[in-house]
Amino acid sequence: MNKFEFEALKLAERAYKNGEIPVGAVIVKDGKIIAKGFNRREKKQIATKHAEIVAIEKACKKLKSWRLDGCDIYVTLEPCPMCAGAIANARITTLYFATEETTSTDGLLQSILTSNRLNHHVNIKRCEGKNEAQKLLQNFFKEKRKKTK
């Protein structure tokens, strides 16, 4: 696991500790982390406060541009359609993600990020931290189910 994947996993653990679905994201430009995010939906009560969106917003502010050309994003979980659209619209070069969304069997992520409707296509690659990210998510939902019984 490289340092960017490790940092995303640390952010996912932070989300977990805050009662959020454990997803973390970091945006990298020129080999340096320029923005970080983790899920904040429950705390903020805002539907769009996913890790990827939080990180994208921070990166845009840092670069003073909505275009994140030359940036890569590392995420612990395969992005949802909203986040995939934001990644593509921000012109991020490459998405690295650790584990798949369990319900993802339809190729929607690939379709969004490589759609001919968009004038920018995002490269998609897998990270090495699949087991760690999966375990974190599984533990989170096990605990959540226990609390609702």
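Observations on the structure shown:
- If you go through the stretch 85-112 and keep only what is assigned to a helix (DSSP H, G or I) and more than 20 Å from S65 (Cβ to Cβ), you end up with L108, L109, Q110, S111, I112.
Condition check ((1) on the phi < 0 side of the Ramachandran plot; (2) in contact (Cβ under 8 Å) with a residue 24 or more places away in the chain) across all residues:
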| position | (1), (2) |
| --- | --- |
| R91 | no, yes |
| F97 | yes, yes |
| T102 | yes, no |
| T114 | yes, no |
| H120 | yes, yes |
| C127 | yes, yes |
| Q134 | yes, yes |
| Q138 | yes, no |
| K146 | yes, no |
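- Annotation: D106 fulfils all but one of (1) farther than 22 Å from E132 by Cβ; (2) in contact with a His (Cβ under 9 Å, 6 or more places away or on another chain); (3) surrounded by fewer than 24 Cβ atoms within 10 Å (Cβ to Cβ); the unmet one is (2).
- Considering (1) assigned to a loop (DSSP other than H, G, I, E, B); (2) open to solvent by 30 Å² or more (accessible area, probe 1.4 Å); (3) closer than 19 Å to N139 by Cα, the lone condition that S65 does not fulfil carries the number (3).
- Total residues in the stretch 113-148, condition assigned to a helix (DSSP H, G or I) and open to solvent by 90 Å² or more (accessible area, probe 1.4 Å): 9
- Screening the stretch 43-58 for residues that are among the β-branched types (V, I, T) and not in a helix (DSSP H, G or I) and picking the one that is nearest to K29 (Cα to Cα) gives T48.
The values are calculated or read from the model by the stated rules, or taken from the named source; none is laboratory data. Predicted model only: the values in this text are computed from it and were never measured. Positions of Cβ are generated from backbone atoms using ideal geometry, with glycine treated the same way; all protein chains shown enter the neighbour counts. For accessibility, only protein heavy atoms count, side chains too; no ligands or nucleic acids. Shrake-Rupley method; radii C 1.70, N 1.55, O 1.52, S 1.80 Å.
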